[in-house]
Amino acid sequence: MRAVFLDRDATVTVGVPKYERVDSLDKVELLPNTLQALEVLANLDFMVFLVTNQAGLAEGLITEQDFNTINAKVLELIAPSGVQVIKTYVCPHGEQSDCDCRKPKPKMLLDAAHEYDIELSQSYMIGDRHSDVMTGINAGTQTIFVKTGNVTEDYDLATYNAPSLLEAIEYIAKTEKF
């Protein structure tokens, strides 16, 4: 199987620069054209996962229940697209942690590959941070850097650079010739 791994905050939902942390339900909003992008993705032959670093858990800004409530709201908002998110992988550790799961380490993608028999070389990691691209590279996926967060210049290490999630998914659809 093949997969598309999506970073959540500032890739699917509004994050930096508008919100430093998505730490409450009132901060859960989709970026423009997200539903349209996910409608295209729903018609492609990929499993879909969210992979997210959530330092707010380690910092005590949100609880595990808060995270689950926020993530459920994200899934509810994207449901009309028809895309099925198989699972959300989360790193609950802080930026200074030496954990195995915090992006750019590839553990979340490797775990998904093991659990769901995913061929990583035929998969994509999409995100708005260099750490998202490096996660994909470290796991052996193709990578797409979306310029929806703080960084708006191209990232040379990415397979592709896109101004938004919609253009990222359109690139996959065109590249995979569905």
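Scan the stretch 9-23 and give yes if some residue there is farther than 12 Å from Leu77 by Cα, in contact with an Asp or Glu (Cβ under 9 Å, 6 or more places away or on another chain), among the β-branched types (Val, Ile, Thr) and part of a helix (DSSP H, G or I), otherwise no. Walk me through it before giving the result.
Here is the first cut: in the stretch 9-23, the residues farther than 12 Å from Leu77 by Cα are 9-11, 14-23.
From what's left, in contact with an Asp or Glu (Cβ under 9 Å, 6 or more places away or on another chain): 9-11, 14-16, 18-19, 21-23.
Now narrow it down to the ones that are among the β-branched types (Val, Ile, Thr): 11, 14, 16, 22.
Then drop every residue that is not part of a helix (DSSP H, G or I), which leaves none.
Taking every residue of the stretch 9-23 in turn, none turns out to be farther than 12 Å from Leu77 by Cα, in contact with an Asp or Glu (Cβ under 9 Å, 6 or more places away or on another chain), among the β-branched types (Val, Ile, Thr) and part of a helix (DSSP H, G or I).
Out of all the residues in the stretch 124-134, which are of a type in the set (Ser, Thr, Tyr) and part of a helix (DSSP H, G or I)?
Restricting attention to the stretch 124-134, the residues satisfying the condition of being of a type in the set (Ser, Thr, Tyr) are 124, 131.
Result: Ser131, single match.
Take the stretch 41-72 and flag every residue that is crowded, with 19+ Cβ neighbours inside 10 Å and part of a helix (DSSP H, G or I).
Selection gives Leu41, Gly56, Leu57, Phe67, Ile70, Asn71.
Tell me which residues, restricted to the stretch 156-166, are farther than 14 Å from Ala10 by Cβ, surrounded by 16 or more Cβ atoms within 10 Å (Cβ to Cβ) and without any contact (Cβ under 8 Å) to a residue 60 or more places away in the chain. Let's see the steps before the verdict.
Of the stretch 156-166, the ones farther than 14 Å from Ala10 by Cβ are 156-161, 166.
Those left that are additionally surrounded by 16 or more Cβ atoms within 10 Å (Cβ to Cβ): 158-161, 166.
The answer is Ala158, Thr159, Tyr160, Asn161.
If you go through the stretch 109-123 one residue at a time, do you hit one that is in a loop (DSSP other than H, G, I, E, B), closer than 17 Å to Phe46 by Cβ and of a type in the set (A, V, I, L, M, F, W, C)?
Our first condition is that a residue be in a loop (DSSP other than H, G, I, E, B); within the stretch 109-123, this holds for 117-119, 123.
So of that shortlist, the ones also closer than 17 Å to Phe46 by Cβ come out as 117-119, 123.
From what is left, the residues that are of a type in the set (A, V, I, L, M, F, W, C) are 118.
Looking through the stretch 109-123, at least one residue is in a loop (DSSP other than H, G, I, E, B), closer than 17 Å to Phe46 by Cβ and of a type in the set (A, V, I, L, M, F, W, C).
Tally up the residues in the stretch 73-102 that are under 16 Å from Thr34 (Cβ atoms) and in a loop (DSSP other than H, G, I, E, B), please.
First, the residues of the stretch 73-102 that are under 16 Å from Thr34 (Cβ atoms): 73-85, 88.
Checking which are in a loop (DSSP other than H, G, I, E, B) leaves us with 82-84.
Residues in the stretch 73-102 being under 16 Å from Thr34 (Cβ atoms) and in a loop (DSSP other than H, G, I, E, B): 3 in total.
Restricted to the stretch 128-142, and to residues that are touching a strand residue (DSSP E or B) at 6+ places or on another chain (Cβ under 8 Å) and crowded, with 23+ Cβ neighbours inside 10 Å, which residue is nearest to Val22 (Cα to Cα)?
Applying the first criterion (touching a strand residue (DSSP E or B) at 6+ places or on another chain (Cβ under 8 Å)) to the stretch 128-142 yields 128, 130-133, 135-137, 139, 141-142.
Okay, now just the ones that are also crowded, with 23+ Cβ neighbours inside 10 Å, so 128, 132-133, 135-136, 139, 141.
Working: Asp128: 15, Asp132: 17, Val133: 21, Thr135: 21, Gly136: 23, Ala139: 26, Thr141: 27 Å.
The residue in question is Asp128.
Bear in mind that the values in this text are calculations on the coordinates, not laboratory data. The structure displayed is predicted, hence computed values, not measured ones. Neighbour counts run over all protein chains shown; Cβ positions are idealised from the backbone, glycine included.
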